[in-house]
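For reference, the structure is listed below as structure tokens.
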Amino acid sequence: MISVKSTPLKSIFLVIIGSAFVAACLVLAKIVQTDLLGESLHPLQATQARFLFGFIGLLVFYSAFPMRFKKPDIKLHVIRTLCGFSAVTVMFTAAAIIPVSDATAISFLNPVFAMIFALPLLGEKIGKLRWTSALIGLVGAFVLLRPSGSAFEPAALLALIAAVVMGLEFILIKILSTREQVLQILLINNVLGLLFSSISLFFVWNSPTLIQWIALSGIGFLMLGAQVCNLIALRGADASLVLPFSFTTLIFVTGYDFMVFAVTPDIISWVGAIIIIFGVSTIIIQQISDDKKTIN
């Protein structure tokens, strides 16, 4: 197994780079669903590309650095991958309809829903501070839904659904990570995701142009790169130091969206995003504090 050393400063840099990659994936997914590079593609094609090229990248890595597999929990892997497949597809769809910055901000709620799912699945207890923080985050999402007459954004509900499913996937990943190696989990996830997404393309396939294939490959490779950056970062620094920098995704996605589509977030977008980030940050800080107490 290859080993990559990382210092706290490098870890922060890696998280920021990973955030830039995630933002680029979302904007690329939006681009291929428009007619900028050819006839628009279905969101499922963007999802399939995420798994296809992610699998190719992992396959190359495993060829260079082979490892021994443990017996996987196939049932849990299937459920986790179905969650990831659904969340990515819904998220890509939302990003194509509403400003990518709004969809991204709403997706930041996934720790809130992960906390809720942790109640029945992990038997964890949730204090008043966490419930308050979760409520604050949900208020931010409500703001981004723009629930006022013609301004209502039903597509924002898709991003909210994606956040719910991401929260469930996070808990499943947490369970798997206690039983199997991270790289094994990534490879199995991409294999199953490629299988599910390829089957779904039978109903919606539209032949991409060469430049669309390049954009689709970017979605897969960049998402894989983001995962690697975050894994290395968390090995080299405390989560409390690096996790807050993941919110730079919103900055990157806003910049990309402006450069490509000339979309500028309005005051409602900024207010909603700030409320969500505040609420989720409180949950993350509280969780890290609890983990340190448990260790000590």
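Taking the listed residues I232, I275, I283, the one that is at pLDDT 85 or above, in a helix (DSSP H, G or I) and crowded, with 17+ Cβ neighbours inside 10 Å is I275, with no other qualifying.
When residues of region 5-46 are filtered for being part of a loop (DSSP other than H, G, I, E, B) and under 18 Å from I251 (Cα atoms), how many remain? Adding up the residues that qualify gives 0. For first residues located in region 51-66 and touching a residue at least 40 places away in the same chain (Cβ under 8 Å), partners that are open to solvent by less than 70 Å² (accessible area, probe 1.4 Å) and hydroxyl-bearing (S, T, Y) and lie 6+ apart or on another chain with Cβ distances below 6 Å form the pairs F51/S197; F53/S217. The single residue among G57, G123, G127 that is closer than 24 Å to Y256 by Cβ, surrounded by fewer than 24 Cβ atoms within 10 Å (Cβ to Cβ) and not acidic (D, E) turns out to be G57. Only residues that are open to solvent by 40 Å² or more (accessible area, probe 1.4 Å) and part of a helix (DSSP H, G or I) were counted in region 60-78, giving 7. Based on what the data block shows, is I97 under 22 Å from V32 (Cβ atoms) and open to solvent by 60 Å² or more (accessible area, probe 1.4 Å)? So I97 fits the description; yes.
Does S217 satisfy being hydroxyl-bearing (S, T, Y) and over 19 Å from S246 (Cβ atoms)? For S217, the condition - hydroxyl-bearing (S, T, Y) and over 19 Å from S246 (Cβ atoms) - is met. Annotation note: Cβ proximity below 9 Å between a residue of region 161-178 that is open to solvent by 30 Å² or more (accessible area, probe 1.4 Å) and a residue that is charged (D, E, K, R) (sequence gap 6+ or interchain) occurs for L168/R80; I173/R80; I175/D73; I175/R80.
Checking S86 against (1) farther than 20 Å from R235 by Cα; (2) open to solvent by less than 40 Å² (accessible area, probe 1.4 Å); (3) among the polar types (S, T, N, Q); (4) in a helix (DSSP H, G or I), which single condition isn't satisfied? (2) is the only condition that S86 fails.
The values are calculated or read from the model by the stated rules, or taken from the named source; none is laboratory data. A quick note: this is a predicted structure, and the numbers were derived from the prediction, not measured. Counting neighbours? That spans all protein chains shown, and the Cβs are built from the backbone with ideal geometry, glycine included. We work out accessible area using only protein heavy atoms, side chains counted, and drop any ligands, DNA or RNA first. Shrake-Rupley method; radii C 1.70, N 1.55, O 1.52, S 1.80 Å.
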